[in-house]
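Reading through the structure tokens given below for one structure.
The values are calculated or read from the model by the stated rules, or taken from the named source; none is laboratory data. Bear in mind the structure is a predicted one, so any value in this text is a computation, not a measurement. Neighbour counts are summed over all protein chains in view; Cβ atoms, including those assigned to glycine, are modelled from backbone coordinates with ideal geometry.
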């Protein structure tokens, strides 16, 4: 029943409403009732407005907008609508959660109506605070789906009809190696080939390659050898074959890194029959061989089956660096007509290798190297672009340029054709729709990009440009055709993770001219990217840009460490005015660029360095009062930025740039502090599990195949666990649980007595090498332990119990095998040998303090230097801090002499090096831009600044800063999924001030450091809370004030809710590490001589050390004096290069104008096995030494300098093992090496003090025997 509303009625109602509002409005002087603000930072699958998702249940997150102390969410309501107008009316036609009583504000899985492909969904959220007061609705956010299945595509894969692979490789099999893995540096292989009786062999060629070298035998006959894995060598073997049974035998050697052999033999008979033998799992192999092992009659029934470590074409070898088939870049175009006003237009596109799109001559995005690098046989990502604004009624044109990328060329994933898949969906204002898709009506033409690969660079001839080729009206009648490929779409998926973008431009800092016409641009920062060129020159002018990380002493580029990567861009001018060019399909790491061919003298704007990488937002910052640590942090961040290119790469400059799993997993924690890496790792983890073998073995490289070395394969568990700790995201765990479990089960099947004693890369590039086998078992424990935790997190309780129990058994077995209860040390005795069991939780609790003390003892005797490699370095500082040695941890971090992070800074590094001594090591494996050793960055955030997750995702936070050494302040911030977290402390005399910010909807424990003074007074906001270790008065005047929990170790512990807090501790002590003891230096000597005529070693002169070039072990080589000679003899049980060294107990110092002269008579050496060395050391420490010795493995006299392992620098042939006189003359600037009176080398060095001298004998591999005899020795300073 309707009632007419009169004017009087309206007045009465209005007055009543005013009266009611007056009752609700606070009275004068009364504060307004606060309520939360509208939620902010809305995210869908890590992104603000993701375009083109293919997940059917995306997760929604938001941040509670409430700055009040104690702010928390008690409920939420989410609305999802298909139209903005519906959402604006506070309705959700796709999903309305209703008011849900929950504090959940991250990763809320969509559970509404089934999502439709290619549709935008709008959403918003409101929250209620702890008192039940609602917030306003958030601003509108959205996500958009892309194609969700193959049926959503009308496009077909197409290829330019004129493209094909440029190189045809001979028939080859899989890459194989010994089943023990790449830690076997030598492997022997045999396979049988049967030639039918009566057949006449017309031709027979064997094709093979090995990393690093091989020797080929047929029926016991030596055929040939080679040591360049980058090429395939061919041998004519027809004369060695015979009708009937034939045996191919190969001895293969590896010098470190990936190990493999690939082989193919093709026999053609006169009757037309062709017989092939390819390497594969049916081949037999052995780790060692003796006698006539290569003969056909040799008995090999006890040999093992070879392991396939990679398929042909897979990484790390690809299709070989030098023989890789690079494809010519092509333009593809399609003209089309838009009939009326466009309401919405989307491009869904992908390509192989990489592609660049334009529409009507304008780029559709800033993305670089799309679609990224994946296991292309398993997954190819498509990208979605909003191109509504680029279309216009009438004629339009879309253009695509295809190039090699990771698909073909260098590196190489097996690509033989360039391909494009593209669909442009147009929706008109009148609601009608139209699609433009790749088919055989598209046209193709070679682009002006003549050559392009990531390793070698790009060559661009601007004279070949066709202006307007990607615009309407282009005459493409002379263009070639395209072909439709019969390629399925079931591997095409939406992109996950951030795209690669140009994120910064670096201007030149200095231009030099080391030679006429050669200009060197120094950009002051080593970074990954490319240069933009600006020039005016006549048509046909050829400009060349080469790149390097370092310069030679003469000012020219030093490119040796790029190895075979040419890293050269060439631009050929079109003429006619100013030309600006930047390559689109290559990149590299560099600080310096060399420009040649430039007309005249280039100005500072001739080249600009354009920094590019996968571009997740920055998440954290760290700074402190020590400029050296700030420089290290800066280098860490630059190293991270330089090695994110769709996958986490090892380096950005040389002929590698691969997704090495070990490097990635050790740096993952630091990377997540610096940048929002969750989306990046979500993508890469798919590469990891896509690359996993059917048996569950994870790979060393992803994307890739084969491998599975300890710590490298374990990235499959470590990375998801680490991401979960930072984000609280369990979907990543659910998605990859099957793969993680398969890896642990693979190790379990390969284990014996609960130990996975497989070798591998070990503690890669360590100053002092650790035994590799215990590392395998340590990581077996660690992955099992993490899997148990993740199983519990995703509700797999039975698995959680199973793997918790298995981890306990592994730990017990590990300690029984490797922990010496008398010495409290682990097998190998190295720093890393102790660090890993301490860090992983293997060490029994009652032994932790003693093992940590042994670690500190080792560090201290080395004058506070580490000796760790990739695996020990990430944990050494944290282990020291957690076991009560924070001052030692700081001393390591602040060290600036070799080996240390500060040493890199002092030597001018602007990124983290691959090696501790990259400034002195050879070029073979020596990147100046490698994030792995930068894993110390986590310690800056977690221990110096003190930010830690107490629960995954920082739902509960622990703030526990630890002042140390000479630091007076430190601060860090981190953008968690709940909001910013900050911690900043300052130390002024005996007062410590700590400021903390805890985001809404979280809680925290704040541990205020008292620095050894438990009676200190602690206040917050001016109110005293603690005095003498006890709470003062009421523990809290408000439920949102800090609550004193008690004293814990050296901290006053408070429980706090969200908000900002300012604590002051008065009467605190001094930070740890200010007065650490320094070990005494060896006694100073100026002369040492020994004629070895006694009956025993003179231990007053000599310190017998278990010390070889690669192992701190004696290898059972012992020293004795016998018959007027020093004899070093034994059969080693150690891989590799272990030995006995007699080191002088005293040390020499050189003053101005003085020289150290050392002479030794080496009378004889008998070596049996793969190799031995004997000679002289000049020794300062593990990274500053010179070893001059005869090497029977290489049959040379050589020297190894400053931590260089493996083969040394050859200086003379060594055809015999008889008597020789070695002499060294060291003047403080260089060492001159003499052999039998003749000078063979001059080696620059920079040591003047703490110089010890030594006599050494070493054997290469387990089972090798060596006996060396020495006569008189003398060393004197003159």
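Here is a check on your reading of the model: is residue 399 touching a strand residue (DSSP E or B) at 6+ places or on another chain (Cβ under 6 Å) and in the same structural domain as residue 337 (by TED's automatic domain parsing)? Yes: the conditions hold for residue 399.
Whether any residue in the range 1238-1246 is assigned to a loop (DSSP other than H, G, I, E, B) and within 28 Å of residue 769 (Cα to Cα) is what I want to check.
To start, the set of residues in the range 1238-1246 that are assigned to a loop (DSSP other than H, G, I, E, B) comprises 1245-1246.
Still in the running and within 28 Å of residue 769 (Cα to Cα): 1245-1246.
Checked against the condition, which is being assigned to a loop (DSSP other than H, G, I, E, B) and within 28 Å of residue 769 (Cα to Cα), the range 1238-1246 yields at least one hit.
Taken together, 751, 770 contain a single residue that is touching a helix residue (DSSP H, G or I) at 6+ places or on another chain (Cβ under 9 Å) and surrounded by 22 or more Cβ atoms within 10 Å (Cβ to Cβ), which is 770.
How about the range 429-468: which of its residues are in a loop (DSSP other than H, G, I, E, B) and out of contact with any strand residue (DSSP E or B) (no Cβ under 6 Å at 6 or more places or on another chain)? Let's see the steps before the verdict.
Pass one, the range 429-468, residues in a loop (DSSP other than H, G, I, E, B): 429-432, 438-442, 447-448, 454-456, 465-468.
Answer for the range 429-468, where residues must be in a loop (DSSP other than H, G, I, E, B) and out of contact with any strand residue (DSSP E or B) (no Cβ under 6 Å at 6 or more places or on another chain): 430, 431, 432, 439, 441, 454, 455, 456, 465, 466, 467, 468.
The residues of the range 253-290 that are assigned to a loop (DSSP other than H, G, I, E, B), closer than 21 Å to residue 232 by Cβ and at pLDDT below 90, listed by number, are 254, 255, 257, 258, 259.
What tally of residues in the range 432-447 results from selecting those that are over 11 Å from residue 482 (Cβ atoms) and touching a residue at least 40 places away in the same chain (Cβ under 8 Å)?
Of the range 432-447, the ones over 11 Å from residue 482 (Cβ atoms) are 432-437, 446-447.
Next cut, touching a residue at least 40 places away in the same chain (Cβ under 8 Å) only: 434-437, 446-447.
Here the count works out to 6.
Taking the range 750-791 as the region of interest, how many residues are at pLDDT below 95 and assigned to a helix (DSSP H, G or I)? Counting residues in the range 750-791 that are at pLDDT below 95 and assigned to a helix (DSSP H, G or I) gives 3.
Tell me the strands (runs of 3 or more DSSP E) entirely within the range 960-1059 that contain at least 3 residues that are at pLDDT 95 or above and buried (at least 17 other Cβ atoms within 10 Å of the Cβ). Walk me through it before giving the result.
Numbers: elements: 969-976, 979-988, 991-1009, 1017-1020, 1023-1027, 1043-1048.
Strands (runs of 3 or more DSSP E) meeting the threshold: 969-976, 979-988, 991-1009, 1017-1020.
Out of 966, 990, which single residue is in contact (Cβ under 8 Å) with a residue 60 or more places away in the chain, closer than 21 Å to residue 629 by Cα and out of contact with any strand residue (DSSP E or B) (no Cβ under 6 Å at 6 or more places or on another chain)?
On the way: 990 fails: closer than 21 Å to residue 629 by Cα.
Every option except 966 fails the conditions.
Do we have residue 623 as surrounded by fewer than 24 Cβ atoms within 10 Å (Cβ to Cβ), assigned to a strand (DSSP E or B) and modelled with pLDDT of 95 or more here?
On the way: surrounded by fewer than 24 Cβ atoms within 10 Å (Cβ to Cβ): yes; assigned to a strand (DSSP E or B): yes; modelled with pLDDT of 95 or more: yes.
So residue 623 fits the description; yes.
Every test in (1) outside any loop (DSSP other than H, G, I, E, B); (2) modelled with pLDDT under 95 is passed by residue 377 save one, and that test is (1). Of the residues making up the range 795-820, those that are touching a residue at least 24 places away in the same chain (Cβ under 8 Å), more than 19 Å from residue 714 (Cβ to Cβ) and either buried (at least 23 other Cβ atoms within 10 Å of the Cβ) or in contact with a helix residue (DSSP H, G or I) (Cβ under 9 Å, 6 or more places away or on another chain) (or both) are 796, 815, 817, 819. Would you be able to say whether some residue in the range 312-331 is under 26 Å from residue 658 (Cβ atoms), at pLDDT below 95 and in a strand (DSSP E or B)? No - not one qualifying residue is present in the range 312-331. Might you let me know whether the range 166-174 holds any residue that is touching a residue at least 24 places away in the same chain (Cβ under 8 Å) and farther than 30 Å from residue 252 by Cβ? Looking for residues that are touching a residue at least 24 places away in the same chain (Cβ under 8 Å) and farther than 30 Å from residue 252 by Cβ, one finds none in the range 166-174, hence no. Taking residues in the range 63-83 that are not assigned by TED's automatic domain parsing to the domain that holds residue 106 and surrounded by fewer than 24 Cβ atoms within 10 Å (Cβ to Cβ), and partners anywhere that are assigned to a loop (DSSP other than H, G, I, E, B) and at pLDDT below 95, not one pair has Cβ atoms closer than 7 Å while being at least 6 places apart or on different chains. Meeting the requirement of 3 or more residues that are surrounded by 16 or more Cβ atoms within 10 Å (Cβ to Cβ), the strands (runs of 3 or more DSSP E) wholly within the range 1063-1158 are 1102-1106, 1125-1131, 1138-1144. Could we say that residue 860 is in contact with a helix residue (DSSP H, G or I) (Cβ under 8 Å, 6 or more places away or on another chain) and modelled with pLDDT under 95 here? For residue 860, the condition - in contact with a helix residue (DSSP H, G or I) (Cβ under 8 Å, 6 or more places away or on another chain) and modelled with pLDDT under 95 - is met.
Having 2 or more residues that are in contact with a helix residue (DSSP H, G or I) (Cβ under 7 Å, 6 or more places away or on another chain) is the bar; report the strands (runs of 3 or more DSSP E) wholly within the range 28-110 that clear it. Where strands (runs of 3 or more DSSP E) fall fully within the range 28-110 and carry at least 2 residues being in contact with a helix residue (DSSP H, G or I) (Cβ under 7 Å, 6 or more places away or on another chain), they are 75-81.
When you look at residue 1232, is it without any contact (Cβ under 8 Å) to a residue 12 or more places away in the chain, touching a strand residue (DSSP E or B) at 6+ places or on another chain (Cβ under 8 Å) and surrounded by fewer than 18 Cβ atoms within 10 Å (Cβ to Cβ), yes or no? Yes: the conditions hold for residue 1232. Being in a loop (DSSP other than H, G, I, E, B), touching a strand residue (DSSP E or B) at 6+ places or on another chain (Cβ under 8 Å) and crowded, with 24+ Cβ neighbours inside 10 Å, is that true of even one residue in the range 915-927? Yes, because at least one residue in the range 915-927 is in a loop (DSSP other than H, G, I, E, B), touching a strand residue (DSSP E or B) at 6+ places or on another chain (Cβ under 8 Å) and crowded, with 24+ Cβ neighbours inside 10 Å.
Restricting to the range 556-579, and then to whatever is more than 31 Å from the chain's Cα centre (by Cα) and farther than 17 Å from residue 459 by Cβ, can you tell me which residue is surrounded by the most Cβ atoms within 10 Å (Cβ to Cβ)?
Step one: of the range 556-579, the residues more than 31 Å from the chain's Cα centre (by Cα) are 571-579.
Narrowing further to those that are farther than 17 Å from residue 459 by Cβ: 575-578.
On the way: 575: 14, 576: 11, 577: 7, 578: 8.
Top of the filtered list is 575.
Of the residues in the range 879-892, none is in a helix (DSSP H, G or I), surrounded by fewer than 23 Cβ atoms within 10 Å (Cβ to Cβ), modelled with pLDDT under 95 and in contact with a helix residue (DSSP H, G or I) (Cβ under 9 Å, 6 or more places away or on another chain). Residues that are within 19 Å of residue 1247 (Cα to Cα) and in a loop (DSSP other than H, G, I, E, B) within the range 1159-1213 comprise 1182, 1183, 1202, 1203, 1204, listed in sequence order.
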